[in-house]
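Worksheet: one structure, shown below.
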Amino acid sequence: WEYETFEINFQKELTALSKENIFYYCLALLNSEDYQQKYGYYMLYDLPRVYYSEYFYQYVLLGRKLFELLQGKYSDKSQLKVSELNIEQHENKQLKIKLIKKLGSILVNDCLEISGISQKALEYQVNGKSPIEWRVLWLRNKYKNAVLNTSLKEEIVQEISLYNNISLEIQLVIQQIN
């Protein structure tokens, strides 16, 4: 009987050690606060050291959730408010996008305000900027010579909403990792 129990547990262990699960485990581990505090300095100068944790299976599940979010699979819980102020005067003008972190809003050509951006979404940092800040920079570069019109306005609102939601959900997963 003990041999059968041992064999069943060993089989579970082997099936969990697939390449995919090891990837998810590493993704979750590298995003854990404990790991970053302990090995953050060394990661600046060397490759990350990955150790085996007794919470391997939990890290695999959380890493899978994190990976899905990074791939764009998220639930749409848009809480953003869009206000248009004299948009007719600002249509056909060159696009200008400003992020106002303290207010949690984005101004587009001083005529379109996207507000309700979560401060938590702005706190989550990747290379020193929040994903929303990175997206605003990307939108500025992509549309630097474009003029504001209805379809562009809708695309900007959709992009900001997407990155707000993904940032919030990633933070929830990272809190579960920690």
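Report the convex hull volume per residue for the stretch 31-164, counting only C-alpha atoms, in Å³.
Numbers: hull volume 17.9 nm³, N = 134.
Enclosed volume per residue, from the Cα hull, is 133 Å³.
In the stretch 16-72, which trypsin sites (Lys or Arg not before Pro) are in a loop and have at most 16 other Cβ atoms within 10 Å, using DSSP for the loop call?
On the way: sites: LYS19, LYS38, ARG49, ARG64, LYS65; in loops: ARG49.
Answer by residue number: ARG49.
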Students often get this wrong: which residues of the stretch 20-39 have the backbone nitrogen under 20 Å from the point 7 angstrom along Cα-to-C-beta of TYR57?
20-29
In this model, which of LYS73/LYS142; LYS65/LYS93; LYS81/LYS144; LYS38/LYS129 are farther than 31 Å apart at the alpha-carbon?
LYS65/LYS93
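Throughout, read-outs are computed from the coordinates displayed, never taken from laboratory work. Values in this document were obtained by computation on a predicted structure and should not be read as measured data. Note: ideal-geometry Cβ built from the backbone for every residue, glycine included; neighbour counts use all protein chains shown.
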